[in-house]
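Read the structure below first, then the notes.
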Amino acid sequence: MSMREVTPSSSLTERTNTAISDALSGRKRGMMTPLLFAGPAVIASIAYMDPGNFATNIQAGSKYGYTLLWVVVMANLIAMLFQALSAKLGIVTNKNLAEMCREQFPQPVVWGMWGVSEVAAMATDLAEFLGGAIALSLLFHMPLLAGMGVTAVITYALLMVEKRGFRPLELMIGGLVAVIALCYLVEMFIVPVDWAAAGMGMIMPQLPDAQALTISVGIIGATVMPHAIFLHSGLTQHRTQVNNQGERRKLLRFSNIEVVIAVTVAGMVNIAMVIMASSAFHAGHSDVAEIETAYHTLTPLLGIGAAGVFLLSLIASGISSSVVGTMAGQMIMQGFVGFRIPVWVRRLVTMVPAFIVVAMGVNATDALVYSQVVLSLALPAPMIALVMFTRRRDIMGEFVNSRLTVIVSTIGTVVIIALNIVLLLQIFGVNIPGLG
């Protein structure tokens, strides 16, 4: 029997908490037990399937075929490591990454990181709102601004689910992740795929030209996202109560299993996006670079079914990622400033710039791609902070990173920084050998 009484009137979150407590203490076992711990990584994985991924992956596949698949694989491996570290930070310290930054860094650094994080949050909101708005615009033939408004209303309504505890929201986001994954599973049966070429693209690093570098950095920015790294630590910090270090070790093991599965699914969806764009457009329509064009081109090429499935996945992506983005932004802002901020204030701070960009008539897909480049440029700050904190024994105790983890996480951070430096040199007109 559980130490806490479970009645039929108990909420879903309360029943989940009781079952988790029983599992950690050894009173509950079974093949379904890991599902109790599933949730934080599933929510964070939405960041890897948001509309920004659609934009960068469509451009990568249509222009370069399977050539840039290796970037998607690399980005997801880096994401897997850093999401696991973020989850561990929250579980071990009961603090999220933003709170740790405020506590450990000098005030000027904290304000600087907050500023960078807010810019990243604005770029995130731009991608999420645009994705949902583009899908609604294509489906109902409404103006893009109206679609953004509808997306904002739906997002705010879904956020109200969080008041009922963490479990209903986790299940809701999990359902939307399943919709996106199933949509791309269907696409793989519709498009003609050269699996041998796709396999080579995943393991053979190459950058054909300078634009490929821009798209590659965009893919990384759309995959390893700053707000997801911040958010995951916040989702795990108070989700489960542990009574001793043995239970904490067990919780970390379940957390790592969830991260591997959730990020692998997200990676497979991203790979499927590039494969779909490559198989459908690269041979005869390599100029397809916009989500709207991709939708309209898919209809005559592969039928209304393929186009409809693509649109359904985009709607699920836009709505779910907007919900998750709001959660992350609120947690980041509160963590850095140290006091609670109403959802509507946080929503306005990052939503208004997105509406301004659309009102100015900026090309929607271009805005999506460059928002992901901004995210990639903002990414090193939380990555560096996370590596620093999780390697310190005074913070992590016996759960401090191993030497191998420190080395691999440092290499991942250096790769991101190096790509960003090359991109900045390219932007300022510095000639890069081999990239024309």
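The values are calculated or read from the model by the stated rules, or taken from the named source; none is laboratory data. Remember, it's a predicted structure, so these values are computed and weren't measured experimentally. Note that each Cβ is placed from the backbone with ideal geometry, even for glycine, and that neighbours are counted across all protein chains shown.
Those helices (runs of 4 or more DSSP H) of the range 352-410 in which at least 3 residues are among the aliphatic types (A, V, I, L, M) and either closer than 22 Å to Met113 by Cβ or modelled with pLDDT of 75 or more (or both), considering only elements entirely within it, cover 364-378, 380-390.
Checked against the criterion of being assigned to a helix (DSSP H, G or I), at pLDDT below 85 and more than 20 Å from the chain's Cα centre (by Cα), the range 151-158 contains one or more residues that satisfy it.
Number of residues in the range 14-66 that are within 26 Å of Met200 (Cα to Cα) and among the basic types (Lys, Arg): the value is 1.
For the residues Leu136, Leu185, the requirement of being closer than 28 Å to Val72 by Cβ, in contact with a helix residue (DSSP H, G or I) (Cβ under 6 Å, 6 or more places away or on another chain) and not basic (Lys, Arg) singles out Leu136.
Taking each residue of the range 383-394 that is buried (at least 18 other Cβ atoms within 10 Å of the Cβ) and looking for partners that are polar (S, T, N, Q) and not in a helix (DSSP H, G or I) with beta-carbon atoms closer than 9 Å, six or more apart or interchain, yields Val387/Asn401; Thr390/Asn401; Arg391/Asn401. In this structure, Ser216 does satisfy being of a type outside the set (A, V, I, L, M), surrounded by 23 or more Cβ atoms within 10 Å (Cβ to Cβ) and more than 14 Å from the chain's Cα centre (by Cα). Output the residues belonging to the range 83-99 that are in a helix (DSSP H, G or I) and either closer than 18 Å to Phe37 by Cβ or in contact with a Ser or Thr (Cβ under 7 Å, 6 or more places away or on another chain) (or both). Gln83, Ala84, Leu85, Ser86, Ala87, Lys88, Leu89, Gly90, Ile91, Val92, Leu97 - these are the residues of the range 83-99 that are in a helix (DSSP H, G or I) and either closer than 18 Å to Phe37 by Cβ or in contact with a Ser or Thr (Cβ under 7 Å, 6 or more places away or on another chain) (or both). Selection of the range 257-286 for residues being part of a helix (DSSP H, G or I), of a type outside the set (Gly, Ala, Ser) and under 19 Å from Gly201 (Cβ atoms) yields Thr264, Met268, Val269, Asn270, Ile271, Met273, Val274, Ile275, Met276, Phe281, His282.
Scanning the range 43-58 for residues that are within 10 Å of the chain's Cα centre (by Cα) and either hydroxyl-bearing (Ser, Thr, Tyr) or farther than 21 Å from Leu68 by Cβ (or both) yields Ile43, Ala44, Ser45, Ile46, Tyr48. If the condition is being outside any helix (DSSP H, G or I) and over 22 Å from Leu419 (Cα atoms), then the range 188-213 contributes Val191, Pro192, Val193, Asp194. So in the range 130-147, with the set limited to residues that are aliphatic (A, V, I, L, M) and over 14 Å from Ser321 (Cβ atoms), which one is surrounded by the most Cβ atoms within 10 Å (Cβ to Cβ)? Result: Leu136. For the range 225-256, how many residues meet the condition of being in contact with a helix residue (DSSP H, G or I) (Cβ under 8 Å, 6 or more places away or on another chain), assigned to a loop (DSSP other than H, G, I, E, B) and farther than 25 Å from Glu162 by Cβ? Within the range 225-256, residues that are in contact with a helix residue (DSSP H, G or I) (Cβ under 8 Å, 6 or more places away or on another chain), assigned to a loop (DSSP other than H, G, I, E, B) and farther than 25 Å from Glu162 by Cβ number 1.
Residue check: is Leu185 in contact (Cβ under 8 Å) with a residue 24 or more places away in the chain, crowded, with 19+ Cβ neighbours inside 10 Å and in a helix (DSSP H, G or I)? No.
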